[in-house]
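The structure appears right after this line, and notes come after that.
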Amino acid sequence: MKIIYQTWWKVLAVTLIFYTLIAGFLVPVPVLPILHETIRNLYFHVPMWIAMMSVLTISVVFSIMYLNTGKEEYDLASVECVNVGLLFFTLGLVTGMMWARFTWGEFWSGDPKQNSAAIAFLLYCAYLVLRNSMDEEQKRAKISAIYNIFAFPVMIVLIFILPRLTDSLHPGNGGNPAFGKYDLDNRMRMVFYPAMAGWAIISVWIATIRYRIRLIEHKRNNIDL
């Protein structure tokens, strides 16, 4: 019973991913100008951002918990969530660039959404650089937690707010309408929503595995000392 309780969500995640990978290429999509078949990238591009947001949100929660309790486990969990978040951040940028190549004509056009996302990405890269620049564990954990808590709302502003205030080719920004009822039909929604759920769960699963590995290494290092 315990094993079932611990694994059901993993089975669900794998099932959702396999379903969306297959259906994403086989289920018919609306015939739209410019987008054409590239609209299938919606099943992959947007879920990468959802997965990224999921683990980065969890990371902030663990940072707050660390500042409240001082437990090293929370710091380790927070940094591993950021590591996984950067992985999906990268995938989100790459899939976005591929989509831009076929719809905007080039991989990187300097669009406000692209530029803001790149700045947000570097913001979290700086988080890892900051951690690696300090040797004293408690100081590193505390400063990293504070940085992470402030970086998260800045990232939200950069990705979801600023691009809406200026002209942008990206759907949902700068007066450009987002995908809605005129773009997505029920067949696409049956793939799109499970894709977001599946990749979000996968991101948490990867972060959990990385956290366990980091915790084992941390305990081993303390024993050696």
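Annotation for THR103 and VAL129: the two label points, set 7 Å from Cα along the Cα-Cβ direction, are 3.2 nm apart. For volume of the Cα convex hull per residue in Å³, one of (i) 193; (ii) 143; (iii) 169 was computed from the structure I shared and the rest are decoys. Which label? The calculated read-out lines up with (ii). Taken over the Cα atoms of region 1-101, the convex hull encloses 119 Å³ per residue. If I model a spin label at ILE161 and GLU137 as a point 7 Å from the Cα along the Cα→Cβ vector, what separation in nanometres do I get? According to this spin-label approximation, the distance is 3.7 nm.
The sum of -39500 (n - 2.57) across all DSSP H runs of n ≥ 4, divided by the residue count of the chain, sets its helix-only mean residue ellipticity at 222 nm to -26500 deg cm²/dmol. Long hydrophobic helices in the chain, taken as whole DSSP H segments with a C-alpha length of 18 Å or more on their own axis and mean Kyte-Doolittle hydropathy at least 0.5: 2-26, 42-69, 72-103, 112-132.
Calculation over all alpha carbon pairs of region 107-166 in 10 angstrom steps from 0 returns a P(r) of 23, 41, 24, 12, 1 percent.
Mean sequence separation of contacting Cα pairs (under 8 Å, at least six apart), scaled by the length of region 1-97, corresponds to a relative contact order of 27 percent.
Normalised by residue number, the volume inside the convex hull of the Cα atoms of region 54-150 is 84 Å³ per residue.
Since every read-out is calculated from the coordinates, none of them should be taken as a lab result. None of the values given here were measured: they were computed from a predicted structure. With ideal geometry, Cβ positions are generated from the backbone for all residues, glycine too; neighbour counts draw on all protein chains shown.
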